[in-house]
Amino acid sequence: MDIMTGVGLTAGIIVITAMILMGGDLHMFISEHAMIIIFGGSLSATMIRFPLSALLHGLPLGAKFAFTMSRLSAHDLVDELARIAEIARKQGPVGLEKVETDEPFLAKGIRYVADGYDLDFIRDNLERDRDNFLMHLDEGSKIYRAIGDCAPAFGMIGTLIGMVQMFANMTDPSKLGPFMATALLATLYGALVANLFCLPIADKLHGKLLDEETNRTLIIDGILMIRDSKSPTLVREMLLAYLPEKHRHAEGEPVPA
């Protein structure tokens, strides 16, 4: 669980709610008209930008990965692959059938090696799986960013609609207040949807896409070396190149200057 996403959203909601309650009633900031223009308009524009398949994959996948983290870090994957290479060297591919791991992508690669598939088959299938996953995760990031881009614009549209309605009813003072409130709340809703929810999630997904690309490429290289019967030491040393310099050494081991 990526607690920082939940903590950030909760903290943002608490701050906004506290400011509202310190200055008045919460009901003052609720407007059905503003909600319709923000959420309806943003979703409509997003549906125009993306095909249905991208929305069906990107939205739920993006929401899932915004609140979750990879089961294993890159450093843990290096240790795990070195351990698996040791098992393969001592017991052969058959010994990998009993290996268990929390990482589904790694488990798939282990199964391919244990079943005796050739090197090209393993490489092609794992790379295709990685590329498809990254494509859907990238779609999720783009969709949330698109909604974040649209929301403030539709907030401005809602404000203009409210202003037009207000000026059209200048002869009835009782209607000026509600129309002005709708105009201002549309801008508020658009800013909140974009800057508290959609754009931060889009940035979070982009960062996780980069992490997943590194981790899955590391797994592919490790699995191919295991399939090629490389030694555990060589597997570890080759895969450590994926890690930042300060993370390539065991805890307590001095880092070269």
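The values are calculated or read from the model by the stated rules, or taken from the named source; none is laboratory data. Only a predicted model underlies this, so the values are computations on that prediction, with no experimental measurement involved. Neighbour counts are summed over all protein chains in view; Cβ atoms, including those assigned to glycine, are modelled from backbone coordinates with ideal geometry. Side chains are part of the model used for accessible areas, which takes the heavy atoms of the whole protein and leaves out ligands, DNA and RNA. Shrake-Rupley method; radii C 1.70, N 1.55, O 1.52, S 1.80 Å.
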Could you let me know the centre-to-centre spacing of segment 167-226 and segment 1-50, using Cα atoms, in angstrom? 10
Read phi for every residue in segment 127-143 and hand back ³J(HN,Hα) as whole Hz from Karplus 6.51 cos²θ - 1.76 cosθ + 1.60, θ = phi - 60°, with x for Gly and Pro. 5, 5, 4, 4, 5, 5, 5, 5, 5, 5, 5, 5, 4, x, 4, 5, 5
If amide H atoms are built 1.01 Å from N in the plane of the peptide, which residues on other chains or at least 5 residues away come under 5 Å of the amide H of Asp2? Thr68, Met69
Compare the Cα positions of Ala146, Met1, His206 along the charge dipole of the chain (+1 at Cβ of Lys, Arg; -1 at Cβ of Asp, Glu; about the Cα centre) and return the one farthest towards the positive end. Ala146
Highest GNM mean-square fluctuation among Pro51, Pro93, Pro173, for the chain with Cα springs under 10 Å, belongs to Pro173
Tell me, what % of the accessible area of segment 1-155 is carbon and sulfur with a 1.4 angstrom probe? 64
Largest first, what is the accessible-area ranking of Met180, Met1, Met28 with a 1.4 Å probe? Met1, Met28, Met180
Cross-chain or 8 or more residues apart, Cα under 29 Å: how many lysine pairs in segment 1-154 fit that? Count them up, please. 6
Within the chain, longest stretch free of exposed GluC sites (Glu not before Pro) [DSSP loop, at most 15 other beta carbons within 10 Å]: 101-250
For segment 79-87, 3J(HN,Hα) per residue [Karplus equation, 6.51 cos²θ - 1.76 cosθ + 1.60, θ = phi - 60°, Hz, x = Gly/Pro]: 4, 5, 5, 5, 5, 5, 4, 5, 5
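Using a 1.4 Å probe, what is the accessible area per residue for segment 76-120, in Å²?
Result: 55 Å² of accessible area for each residue.
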